[in-house]
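What follows draws every value from the coordinates through simple rules; no lab data is involved. As the structure is a prediction and not an experimental result, all values here were calculated from the model. Backbone-built Cβ (ideal geometry, glycine too); neighbour counts: all protein chains shown.
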Amino acid sequence: MTADIAKPVEAGGRIASLDVLRGFALLGILVMNIQVFAMPIAAYGNPTAWGDLTGVNLGVWTFAHVFFSQKFVTLFSLLFGAGVCLFADRIEARGGRPAKWHYRRMGWLLAFGLAHAYLLWAGDILVPYAICGCLVYLLRRRGPGTLVAVGCASLLVASLFTVLIGAALSIPEVPREVTAEIEGEWRPGVSELDGEIAAYGGGWSEQQPLRMEQAFAIHLGMLPFFVVWFCGGLMLIGMALYKWGVLSAAKDDRFYGRLAAAGLLAGLPLVALGVWWNFAGGWAWQRSMLFGTLFNSWGCIPVALGYLGLVMLAVRRGFLPGLQARLAAVGRMAFTNYLLQTVLCTTIFYGHGLGLFASVERYQQLLIVLAVWALQLWLSPIWLRRYSHGPLEWLWRTLTYARPPG
């Protein structure tokens, strides 16, 4: 039975639209991740914390924030939730019990994520995905309406934590050293910035103490209060979309057209309003770090759904078939390509490679993103012409089933 369950999905049995969407989402994520690879980590949330933010750099940051920030990780989270259902459905179709294989699969993903976060790059997303994947699986048999309701409630919890933390920090009795520490994280001083630049400008062993400190801070401070609730909620909604047939391009063109128009028209103005709000307040942490994040946290969801609608329309109508084929190949190798982005970018920016950390302007970072996209769109189809899986997909499947796919 294990041999049958571990069989790879043949190309004809894959849902092509999911592969295209996954490739599209994975490439889009790099537009924001490049900022964490290239600059001190505070600049990701607070663009005024480091570097020039005028002229073309301001334009690039604004473009990236409005059209990319959280939108593509939102789309990827929706797809991950759909993947939980799809994986379980295929195991059941082969006569197996999916829970055992699912939790083994998530356990190995967690191991990969911890190694990624603590040994290569603190901005890892695999750890929260593994944790959320274990949690959302418990609801996979629920109806789409229930999944959407619970998913939205989970998203509300993430926002509620943000509001409550902001309200608590506004109390006059909060010790000054507490608010000073938060201010220091939001807008680091020269010594802190110089320390981060020196660490990532050094070799791997010199990077390790800071990388481990940052990864631990993310896992301890952000996972339980925001990331798990946010990503988990999106995964539940993605499971509902899968059950409704939205992600398999099963709806008609009118549905996807309306989804695209409604999502973009609802989401983009809200995100743009958040940009105005943050700049109007001078990016003060009391205004931007807490409440200012809510504009994008909610605006990114309809924008991601808008992108989903546009991609589904392209799939249904056969637009740009060559590009779609390449995006599908990137999506089939999403795990490999995600970690390949880390390897490439840390080699470009960190001291064990070219050592360009904190020396590349935002507009130049965008050029690097385009180069990585070109590489992955070129390389992924070549690999899949010879092999049925990406190398890390093969390893993950082999570890899950304790045997290589046949």
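In bins 5 Å wide, starting from 0, what share of all Cα pairs of the stretch 173-218 does each bin hold, as a percent?
All Cα pairs, binned at 5 Å, distribute as 5, 19, 21, 24, 16, 8, 4, 2, 0 percent.
Extending each Cα 7 Å along its Cβ direction at His352 and Ala153, get the distance between those two points in nm, one decimal.
Rounded to a tenth, the inter-label distance reads 4.5 nm.
Normalised by the residues of the chain, what does the relative contact order come to in percent, with Cα pairs under 8 Å and at least six apart?
Averaging sequence separation for qualifying contacts and normalising by length gives 31 percent for the chain.
Divide by every residue of the chain the summed helix terms, -39500 (n - 2.57) for each DSSP H run of at least 4, and state the resulting mean residue ellipticity at 222 nm, rounded to the nearest 500 deg cm²/dmol.
Result for the chain: -24500 deg cm²/dmol, rounded to the nearest 500.
Say a paramagnetic label sat at a point 7 Å from the Cα of Leu119, along Cα to Cβ; which residues of the stretch 196-214 have their backbone N under 19 Å from it?
Only 203-214 pass the distance filter.
Once both labels are modelled 7 Å past Cα along the beta-carbon direction, what's the Arg385-Tyr103 spacing in nm?
A separation of 4.4 nm, rounded to one decimal place.
Computed over the Cα atoms, what is the radius of gyration of the stretch 97-251 divided by 2.2 N^0.38 Å, N being its residue count?
1.30
I need the chymotrypsin sites (Phe, Trp or Tyr not before Pro) found in the stretch 295-333, filtered to DSSP loop residues with at most 12 other beta carbons within 10 Å of theirs.
Listed in order of number, the matching sites are Phe319.
State, to one decimal in nm², a quarter of the convex hull surface area for the C-alpha atoms of the stretch 300-381, i.e. the direction-averaged projected area.
6.7 nm²
Give me the number: length gained by fully extending Arg316 to Phe255, i.e. 0.36 nm times residue separation minus the C-alpha to C-alpha distance, one decimal in nm.
Additional length available on full extension: 20.8 nm.
Could you tell me the calculated FRET efficiency between Glu361 and Arg403, based on Cβ-Cβ distance and R0 = 41 angstrom, to the nearest 0.05?
0.25
Report the net charge of residues surrounding Val60, where surrounding means a beta-carbon distance below 9 angstrom and charges are Lys +1, Arg +1, Asp -1, Glu -1.
0
Quick check: the angle from helix 321-332's long axis to the longest principal axis of the chain, C-alpha only, nearest 10 degrees?
Compared with the principal axis, the helix lies near 80 degrees.
Scanning the chain for GluC sites (Glu not before Pro) in DSSP loops with at most 13 other Cβ atoms within 10 Å, what's the longest stretch left with none?
Here the longest run is 174-406.
Springs between alpha-carbon atoms under 10 Å, Gaussian network over the chain: tell me which of Val275, Val330, Val190 tops the mean-square fluctuations.
Val190
Using every alpha carbon pair in the chain, what percent of pairs falls into each 20 Å bin from 0 up to the bin containing the largest distance?
Calculated over all Cα pairs of the chain, the distribution is 26, 60, 14, 0 percent.
What ³J(HN,Hα) values, in whole Hz, does the Karplus curve 6.51 cos²θ - 1.76 cosθ + 1.60 give for the stretch 170-179 when θ = phi - 60°, with x put for Gly and Pro?
7, 5, x, 6, 5, x, 4, 5, 5, 5
Once phi is turned into θ = phi - 60°, what whole-Hz ³J(HN,Hα) does the Karplus curve with 6.51, -1.76 and 1.60 give for every residue of the stretch 76-90, x standing for Gly and Pro?
Calculated HN-Hα couplings, in order: 5, 5, 4, 5, 5, x, 4, x, 4, 5, 4, 4, 5, 4, 5 Hz.
Just to be sure I understand the model, the point goes 7 Å from the Cα along the line to the Cβ. What's the resulting Ala280 to Asp89 distance in nm?
For Ala280 paired with Asp89, the spin-label model returns 4.5 nm.
Glu192 to Leu395: FRET efficiency via 1/(1 + (r/R0)^6), r the Cβ-Cβ distance, R0 51 Å, to the nearest 0.05?
The formula returns an efficiency of 0.85 here.
How far is helix 190-200 tilted off the main Cα axis of the chain, in degrees rounded to 10, range 0 to 90?
Helix 190-200 and the main axis of the chain meet at about 40 degrees.
Round to the nearest 0.05 the FRET efficiency obtained for Phe161 and Asp52 when R0 = 30 Å and r is the Cβ-Cβ distance.
0.35
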